[in-house]
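Report on one structure; see the data block that follows.
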Amino acid sequence: MLVLTRKRSEMIQIGDSVVIKVIETGNRSVKIGIEAPDNVRVLRAELFGTPGPRHPLTVFLQRRRAEKLGGVRMEDGG
């Protein structure tokens, strides 16, 4: 996982078409803006409930880690 520190109005580009901009920072929160093409799904993890082994974010992270550890492919859990 890449961890970055950004100030208000600073941006991060992901690939060729996704830009994340820090809109506002506060004591306990950060407001971000995400620009992405219509075909890119942007999901908030809390919409899927409590993270567990079948949570979409958990599955995504497990696949990413497996790929980084040598291309091991994990089965779809369902």
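The values are calculated or read from the model by the stated rules, or taken from the named source; none is laboratory data. Keep in mind the model is a prediction, meaning the values are calculated, not measured. FYI the Cβ positions are ideal-geometry reconstructions off the backbone, even for glycines, and counts take in every protein chain you see.
Scan the stretch 52-66 for residues that are at pLDDT below 85, surrounded by 10 or more Cβ atoms within 10 Å (Cβ to Cβ) and over 14 Å from the mean Cα position of the chain (by Cα) and report the count.
1
So, in the stretch 4-48, exactly how many residues are under 23 Å from Thr58 (Cβ atoms) and either acidic (Asp, Glu) or touching a Lys or Arg at 6+ places or on another chain (Cβ under 6 Å) (or both)?
So the count comes out to 1.
Give me the pairs, please: first residue somewhere in the stretch 13-40 and within 21 Å of Leu2 (Cβ to Cβ) and without any contact (Cβ under 8 Å) to a residue 60 or more places away in the chain, second residue anywhere and among the small types (Gly, Ala, Ser) and in a loop (DSSP other than H, G, I, E, B), beta-carbon distance under 6 Å, and either six or more positions apart or on two chains.
Val18/Ala36
Any idea how many residues of the stretch 15-49 are β-branched (Val, Ile, Thr) and modelled with pLDDT of 95 or more?
7
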